[in-house]
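Written below as structure tokens is the structure these notes are about.
The values are calculated or read from the model by the stated rules, or taken from the named source; none is laboratory data. Because the structure is a prediction, the values reported are computed rather than measured. Methodologically, a virtual Cβ is constructed for each residue, glycine included, from the backbone with ideal geometry; neighbour enumeration extends over all protein chains shown. The area values use the complete protein model at the heavy-atom level, side chains included, leaving out ligands, DNA and RNA. Shrake-Rupley method; radii C 1.70, N 1.55, O 1.52, S 1.80 Å.
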Amino acid sequence: MKKKILIISGGISKERVISLDTGKQVAKELRKNGYIVKISEPNFHIYNLIKSFKPNVIFNALHGQFGEDGYIQSILETTNIPYTHSGVISSALAMDKELSKKIFLKNNILTPKYIMFYFNRSKTNLIKLINKKLKFPVVIKPINEGSSVNVFICNRLNIFSKIKLLEDYKKIIIEEFIPGREIQVAIMGKKKLGAIELKPKRKFYDYEAKYKKSAKTKHIIPVKISKNYLNKVLSISFKAHKLLGCRGVTRSDFKFFKNKFYLLEINTQPGMTKLSLVPEIAAYNGISFFDLIKWMLDNASVKK
Ligand SMILES: Nc1ncnc2c1ncn2[C@@H]1O[C@H](COP(=O)(O)OP(=O)(O)O)[C@@H](O)[C@H]1O
Ligand SMILES: [Mg+2]
């Protein structure tokens with residue numbers, strides 16, 4: 001039987017463009033392999049489209065707000081058609097960097113020290129508080145974005161001007177800056193798939209470093225660390241994946257400094273273009289782009 005797949009991509013998040021690219025590339029690969037594919041935005045017409053097209057599986061190619069945070073997942077649950085990646089609760093927890101950090105800390109997973117900053121509260125003691133609880137430089141970031149959107153490294157002098165750039169959010173995270181290496185790990189269901197190191201030429205692994213070829217971020221695979229440390233970081237990722245009840249593929253982002261892994265976040269909808277990190281880690285481990293997508297489709301489900 002020719003399987004019918006509905007890919008949902010685009011959306012309204014700041015990662016819309018990346019998602020459209022993910023959708024397009026997954027569609028191309030599926031069509032090449034004999035699948036019947038439709039691509040749709042996550043809009044009001046989606047129920048009608050699902051009713052008329054009757055897909056066997058829905059491939060969620062969205063990133064960021066309303067695509068990776070449990071909202072679209074809860075709508076998909078009502079259709080009773082299996083969809084790829086994590087379910088409602090896991091997506092919501094993983095997308096919320098504040099909540100997931102609390103869960104990591106409760107379960108002895110090291111994550112950078114942090115304080116929350118609320119825009120409706122006074123800023124007067126902020127520098128004092130940062131000096132007491134963290135130290136400069138710090139990283140400020142929204143709790144619910146991706147692709148390094150609105151992530152800034154700040155010092156004492158520029159922190160207020162940078163915070164001002166984020167005032168559309170109700171609250172943000174202020175985190176201690178962890179120098180050192182940037183290592184990311186892919187988990188594929190029960191399989192600890194592997195790790196990759198990123199060496200950005202820019203100040204950090206920001207949006208440009210992630211997506212602009214001209215930024216020349218170096219991808220290093222296999223990661224040059226001992227087997228012992230590699231196993232360690234794979235195990236932390238696996239633990240985080242399980243703790244949050246994730247499904248399918250996830251990618252966890254780490255900083256590695258002074259022989260310690262700091263988990264920055266776990267992504268439930270990691271980029272899935274041919275050049276994205278999870279497909280790169282998969283390819284290194286002998287899993288082709290199509291095999292990876294096929295596995296995701298087989299792994300899709302509802303009510304989890
Ligand atoms: N505490 C931190 N210390 C050092 N670098 C950080 C820290 N937090 C974020 N970064 C940098 O910013 C990038 C994006 O941060 P991350 O928390 O993964 O958010 P996003 O969801 O936008 O990917 C990281 O890959 C890293 O390069
Ligand atoms: Mg990240």
*Checking Ile7 against (1) at pLDDT 95 or above; (2) in contact with a helix residue (DSSP H, G or I) (Cβ under 8 Å, 6 or more places away or on another chain); (3) surrounded by fewer than 22 Cβ atoms within 10 Å (Cβ to Cβ), which single condition isn't satisfied?*
(3)
*If you scan the stretch 265-279, which residues turn out to be away from ligand 1 (no atom under 14 Å from the Cβ), among the charged types (D, E, K, R) and closer than 14 Å to Gly146 by Cβ?*
none
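Any residue in the stretch 111-131 that is touching a helix residue (DSSP H, G or I) at 6+ places or on another chain (Cβ under 6 Å) and surrounded by 20 or more Cβ atoms within 10 Å (Cβ to Cβ)?
yes
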*Tabulated pairs, the stretch 72-84, first touching a residue at least 24 places away in the same chain (Cβ under 8 Å) and among the aliphatic types (A, V, I, L, M), second in a helix (DSSP H, G or I) and surrounded by fewer than 17 Cβ atoms within 10 Å (Cβ to Cβ), C-beta under 9 angstrom, 6+ apart or interchain*: Ile75/Tyr47
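A quick yes/no check of all residues on (1) closer than 24 Å to Met296 by Cα; (2) of a type outside the set (Ser, Thr, Tyr):
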| site | (1), (2) |
| --- | --- |
| Lys170 | no, yes |
| Ile174 | no, yes |
| Val185 | yes, yes |
| Lys192 | yes, yes |
| Pro200 | no, yes |
| Lys203 | no, yes |
| Ile221 | yes, yes |
| Ser235 | yes, no |
| Lys239 | yes, yes |
_Can you list the strands (runs of 3 or more DSSP E) lying wholly within the stretch 197-304 that have 3 or more residues being aromatic (Phe, Trp, Tyr)?_
249-257
*asked:* Looking only at the stretch 144-174, how many residues end up being more than 14 Å from ligand 1 (Cβ to nearest atom) and closer than 28 Å to Ser276 by Cβ?
replied: 2
*asked:* For the condition surrounded by 21 or more Cβ atoms within 10 Å (Cβ to Cβ) and either under 20 Å from Pro137 (Cα atoms) or away from ligand 2 (no atom under 16 Å from the Cβ) (or both), what is the one hit in Leu234, Leu230, Leu263?
replied: Leu263
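Of all residues being over 17 Å from Cys246 (Cβ atoms) and under 14 Å from the mean Cα position of the chain (by Cα) in the stretch 65-92, which is surrounded by the most Cβ atoms within 10 Å (Cβ to Cβ)? Just the residue, please.
Taking the candidates together, the pick is Gln65.
For (1) touching a Gly at 6+ places or on another chain (Cβ under 9 Å); (2) outside any loop (DSSP other than H, G, I, E, B); (3) over 26 Å from Leu6 (Cβ atoms); (4) of a type in the set (Ser, Thr, Tyr), each residue gets a yes or a no:
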position	(1), (2), (3), (4)
Ser91	yes, yes, no, yes
Glu98	no, yes, yes, no
Lys101	no, yes, yes, no
Phe104	no, yes, yes, no
Asn108	no, no, yes, no
Pro112	no, no, yes, no
Ile127	no, yes, yes, no
*Scan the stretch 13-37 residue by residue and report those that are open to solvent by 90 Å² or more (accessible area, probe 1.4 Å) and not in a helix (DSSP H, G or I).*
Lys14
